[in-house]
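The values are calculated or read from the model by the stated rules, or taken from the named source; none is laboratory data. Since this is a predicted model, take the numbers as computed values, not measurements. Cβ placement follows ideal geometry from the backbone for every residue including glycine, while neighbour counts extend to all protein chains displayed.
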Amino acid sequence: MKQALIDTGPALLIMLATFGGMFGGVFTATEAGAVGAFLSLVYAFVAGRIGRDKVNQALVDTVMTCGALFLIGVGAIMLTRLLSISGLGMTISSLVDAMELSYWQLVLLIVALYLVLGMFLDPFGAMLITLPIFLPILNQYEINLVFFGVFLVKMLEIGMLTPPVGMNVFVIKSVVGNLTTLGGIFRGVAPFFIVDLLVVALIIAYPALALLR
């Protein structure tokens, strides 16, 4: 028990510092991520768990990831302009309107789409690609955009748990190392995946829950 506390103590302190500063209004959520990364890096150096090679590899991975996100962002901007110029967005909206989908049918269709996209795309990319298409449809169905924003965040979070590209699962695997398998982690997060789907179902059934202040 004592050894377990010693091993996990630094991680808990970093978590408390990050969340405490964020909820205490010391820094924003984005800044909290930077603070958490900096504290983790400091601890890794102090504990002797990271060297120059690992730092260089982390920098290379970061550049590659950011480069991929920028490419997705450029593609999303081009897609948005193409939809605007070609009128494809309005055509898709008209097509959905002609299908006469109910509120439930439309939202469940969006849920299914984000579940599929979450298996292959990171949240930022999925959001950039889909929003130019969905926004005209949402306005057409008079769906509150604040509600949809909360709904979208939950769906993107679920996408970070779904195989084969469950980003959070791979982060956990990198932390625990050989203590468990990737398949074991996916099985472990399954209950959380189900609970998240239940939360989404509640938000869809009672949109006011997403608008509480």
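Key figures
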{"quantity": "One residue from T162, T181, T130 being in contact with a Gly (Cβ under 6 Å, 6 or more places away or on another chain), of a type in the set (V, I, T) and under 30 Å from C66 (Cβ atoms)", "calculated": "T162"}
{"quantity": "Among the residues listed as G188, G183, G149, G177, the single one being of a type outside the set (A, V, I, L, M), within 15 Å of the chain's Cα centre (by Cα) and assigned to a helix (DSSP H, G or I)", "calculated": "G149"}
{"quantity": "Which listed residue is assigned to a helix (DSSP H, G or I), at pLDDT 75 or above, of a type in the set (S, T, N, Q) and in the same structural domain as P132 (by TED's automatic domain parsing), from T62, T91, T18", "calculated": "T62"}
{"quantity": "Given (1) closer than 30 Å to A11 by Cα; (2) in contact (Cβ under 8 Å) with a residue 60 or more places away in the chain; (3) among the polar types (S, T, N, Q), index of the condition T162 fails", "calculated": "(2)"}
{"quantity": "Which numbered condition E142 misses (of (1) among the charged types (D, E, K, R); (2) more than 26 Å from C66 (Cβ to Cβ); (3) crowded, with 17+ Cβ neighbours inside 10 Å)", "calculated": "(3)"}
{"quantity": "Test set (1) under 23 Å from the mean Cα position of the chain (by Cα); (2) modelled with pLDDT of 75 or more; (3) not acidic (D, E) - I77 fails condition number", "calculated": "(2)"}
